[in-house]
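Here, each number is a calculation from the coordinates, and none is a lab measurement. Everything numeric in this text was worked out from a predicted model, so none of it was measured. Don't worry about glycine lacking a Cβ; one is built from the backbone with ideal geometry, like all the others, and counts go over all protein chains shown.
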Protein chains: 2
Amino acid sequence: MKLANRIKELRESQGLLQRQLSAQLEIDTPMFSKIERGERRAKREQVLKIAEILNENKDVLLSLWLTDQLLDVVNGEEQALQALKMAEKDIKANKK
Amino acid sequence: MKLANRIKELRESQGLLQRQLSAQLEIDTPMFSKIERGERRAKREQVLKIAEILNENKDVLLSLWLTDQLLDVVNGEEQALQALKMAEKDIKANKK
DNA sequence: TTTTGACTTGTCAAATATTGTCCAATGTAA
DNA sequence: TTACATTGGACAATATTTGACAAGTCAAAA
């Protein structure tokens, strides 16, 4: 599930308009529309605000947001899987 | 292993000077020095060229390069591991 | 100890990428 | 039609990245 899709789901399930979310995020509706369709990426700070407004767990949305970015980085690269695994290993090693 | 470190290893093992690599990459030595210390990021195209010059497998260097970027994305994020795993899943699912 | 050559540091400008605004278009329901 | 929600596209404002340049450190040779 992409962040964009989850945002749309949450917004619609709560009967909110793009216009209302946009206002709270202090961007205009076209911009929000683009974020909701994944055409533009939300900023970290906006993800947090969206989580608040839509009563969703911040960690959940942040994970989706990070995942989108990770996929962007490796998008179309032959070595995608390998790089992801190496990154994982690195994180695990340095977590201690 | 960071791309930067691997580049330095390869370069030194072959007795090449930064000046020589810089010339081939068409950047100046300070720039190359920064890349080699990981202070600046190489561009994809530069990674390929470096692989050629230093007789290293392109896939190997590209993997290191991608990994560096992945780590940058999740750096300092609580949800790093989870996001990496979700990205992995997504890639596996869409590979078929 | 001066000089030379390899490498590094810091600052700034150019190039690129991202984020946002605006206006116009499309869709949809009353 | 009219009104309102959403989308598309062009452009402006910002932010980030990339690179050039000048000056610095360091080590070894002279």
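If you filter segment A:19-49 down to residues that are within 14 Å of chain B (Cβ to nearest Cβ) and touching a Phe, Trp or Tyr at 6+ places or on another chain (Cβ under 9 Å), you find that the one that is farthest from DNA strand D (Cβ to nearest atom) is A:VAL47.
State yes or no: is B:GLU36 within 16 Å of DNA strand C (Cβ to nearest atom), of a type in the set (Asp, Glu) and surrounded by 15 or more Cβ atoms within 10 Å (Cβ to Cβ)? Here the answer is yes, as B:GLU36 does meet what is asked. All conditions but one from (1) in contact (Cβ under 8 Å) with a residue 12 or more places away in the chain; (2) more than 12 Å from DNA strand D (Cβ to nearest atom) apply to A:GLU77; the one that does not is (1). The number of residues in segment B:57-66 being within 7 Å of chain A (Cβ to nearest Cβ) and touching a residue at least 12 places away in the same chain (Cβ under 8 Å) comes to 1. Residues of segment B:5-21 that are touching a residue at least 40 places away in the same chain (Cβ under 8 Å) and either in contact with a strand residue (DSSP E or B) (Cβ under 9 Å, 6 or more places away or on another chain) or more than 8 Å from DNA strand C (Cβ to nearest atom) (or both): B:ARG6, B:ILE7, B:LEU10, B:GLN14. When A:SER13 is tested against the conditions (1) within 24 Å of B:ASP68 (Cα to Cα); (2) within 14 Å of DNA strand D (Cβ to nearest atom); (3) surrounded by fewer than 14 Cβ atoms within 10 Å (Cβ to Cβ), the lone failure is (1). Taking first residues from segment A:22-48 that are hydroxyl-bearing (Ser, Thr, Tyr) and partners that are exposed (fewer than 15 other Cβ atoms within 10 Å of the Cβ) and not in a helix (DSSP H, G or I), the Cβ contacts under 7 Å between residues at least 6 apart in sequence or on separate chains come to A:SER22/A:ASP28.
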